[in-house]
Amino acid sequence: MGKRLWVERNKDGSWDAFSEDGAHLKFGHGKGLFTPGDLMKVALAGCAALSSQFPVENTLGEGSGAKIVVDGTYDPESDSYLSFEEQVNVDATSADLSEEDAAKLKERVARHIEKGCTVAHTYRQETPVRVNVTVRK
């Protein structure tokens, strides 16, 4: 089992997500809030960011990272995302890489994301979701 997470409703209609180790974020359906669909994209981008961190820092230096932009094709009929597209952008302009070194970095980043991104692995397969409802009275 993974880390325990839970959400709680706020009086203003937004929600707070918490983790057992103290992480927190606000979400909902309103201005300035991530929707659950947005959070799916954030999870995918975040996973790619963390997976790509090692080869990027190894080549460009500590503190360097990629900018990952994620978009999704949403189908309102099935109320689901049909696909996601990630654009991983590494700014190596200050490193003066050769074409060969840039190509090697591109391949290493792609390989690290492919190997280490649990979210992408999960999205690529059918993942059962079991919902158990308890009503306290």
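The values are calculated or read from the model by the stated rules, or taken from the named source; none is laboratory data. Just so it is clear, the structure is predicted and the values come from calculations on it, not from any experiment. No Cβ is skipped: glycine too gets one built from the backbone with ideal geometry, and neighbour counts run over all protein chains shown. Please note that ligands, DNA and RNA were not included when accessible areas were found on the heavy atoms of the full protein model with its side chains. Shrake-Rupley method; radii C 1.70, N 1.55, O 1.52, S 1.80 Å.
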Which of (1) open to solvent by 40 Å² or more (accessible area, probe 1.4 Å); (2) farther than 24 Å from ARG124 by Cβ; (3) more than 17 Å from the chain's Cα centre (by Cα) does HIS24 not meet, given it meets every other one?
(3)
More than 25 Å from PHE18 (Cβ to Cβ) and under 18 Å from the mean Cα position of the chain (by Cα): does that describe ASN89?
yes
Test for SER51: is it open to solvent by 40 Å² or more (accessible area, probe 1.4 Å) and out of contact with any strand residue (DSSP E or B) (no Cβ under 9 Å at 6 or more places or on another chain):
no
Within the stretch 76-132, the residues that are in contact (Cβ under 8 Å) with a residue 40 or more places away in the chain, outside any helix (DSSP H, G or I) and under 16 Å from ALA49 (Cβ atoms) are PHE84, GLU86, VAL88, CYS117
When every residue in the stretch 94-124 that is surrounded by 14 or more Cβ atoms within 10 Å (Cβ to Cβ) and of a type in the set (Val, Ile, Thr) is compared, the one nearest to ALA66 (Cα to Cα) is VAL109
Let me confirm something: among LYS3, LYS11, LYS26, which residue is under 30 Å from VAL109 (Cβ atoms) and basic (Lys, Arg)?
LYS3
Being open to solvent by 90 Å² or more (accessible area, probe 1.4 Å) and either part of a loop (DSSP other than H, G, I, E, B) or not assigned by the TED database to the domain that holds GLU114 (or both) is the requirement here; does LYS67 meet it?
no
